[in-house]
Amino acid sequence: QVQLMESGGGLVQPGGSLRLSCAASGSFFSSYTMAWYRQAPGKQRELVAVIVSDGSTSYADSVKGRFTISRDNAKKTVYLQMNSLKPEDTAVYYCHTNRGLSYWGQGTQVTVSS
């Protein structure tokens, strides 16, 4: 059983920054791929960023160069540093991992607006 708890969302002006955190429970955190997804109103959930156990990362084209995913295995936490935020980044952001079963956090709202 794995539980994921996101935090760090909020309201930010365009061009601003936020850092999201996802704290995980369970064992062997360092062995698993972690990911951030987002879902905007009326749209499908989309993959934002992925970090593999060896630290390799990949990003959606829409966030490349602006967002950075990282992990702290000792704290069992994955982060999403979001810079140069745009109104189109407004969404609920979810943490995800797959360990045979798919696990999701409850989500954290990010609103980019002036």
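The values are calculated or read from the model by the stated rules, or taken from the named source; none is laboratory data. Remember, predicted model here, so these are calculated numbers, not experimental data. Every residue, glycine among them, receives a Cβ derived from its backbone with ideal geometry; neighbour counts consider all protein chains shown. Ligands, DNA and RNA are excluded from the accessible area calculation, which covers all protein heavy atoms including side chains. Shrake-Rupley method; radii C 1.70, N 1.55, O 1.52, S 1.80 Å.
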If we scan the range 72-79, do we find a residue that is over 16 Å from Thr111 (Cβ atoms) and either aliphatic (A, V, I, L, M) or open to solvent by less than 10 Å² (accessible area, probe 1.4 Å) (or both)? yes
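Results for (1) under 11 Å from the mean Cα position of the chain (by Cα); (2) open to solvent by less than 70 Å² (accessible area, probe 1.4 Å); (3) at pLDDT below 95, shown as yes or no for each residue.
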site: Val2; (1), (2), (3): no, yes, yes
site: Pro14; (1), (2), (3): no, yes, no
site: Phe28; (1), (2), (3): no, no, yes
site: Ser31; (1), (2), (3): no, no, yes
site: Phe67; (1), (2), (3): yes, yes, no
site: Lys86; (1), (2), (3): no, no, no
site: Thr90; (1), (2), (3): no, yes, no
site: Gly105; (1), (2), (3): yes, yes, no
site: Ser113; (1), (2), (3): no, yes, no
Scan (1) at pLDDT below 95; (2) closer than 23 Å to Ser17 by Cβ for the single condition Tyr94 breaks and write down its number. (1)
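Which residue out of Ser25, Ser7, Ser58, Ser30 is farther than 19 Å from Gln106 by Cα, touching a residue at least 24 places away in the same chain (Cβ under 8 Å), out of contact with any Phe, Trp or Tyr (no Cβ under 9 Å at 6 or more places or on another chain) and not β-branched (Val, Ile, Thr)?
On the way: Ser25 fails: farther than 19 Å from Gln106 by Cα; Ser7 fails: farther than 19 Å from Gln106 by Cα; Ser58 fails: touching a residue at least 24 places away in the same chain (Cβ under 8 Å).
Sole residue among the options that is farther than 19 Å from Gln106 by Cα, touching a residue at least 24 places away in the same chain (Cβ under 8 Å), out of contact with any Phe, Trp or Tyr (no Cβ under 9 Å at 6 or more places or on another chain) and not β-branched (Val, Ile, Thr): Ser30.
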Of the numbered conditions (1) modelled with pLDDT of 95 or more; (2) over 14 Å from the mean Cα position of the chain (by Cα); (3) under 14 Å from Gly107 (Cβ atoms), Pro41 fails exactly one; give the number of that condition. (1)
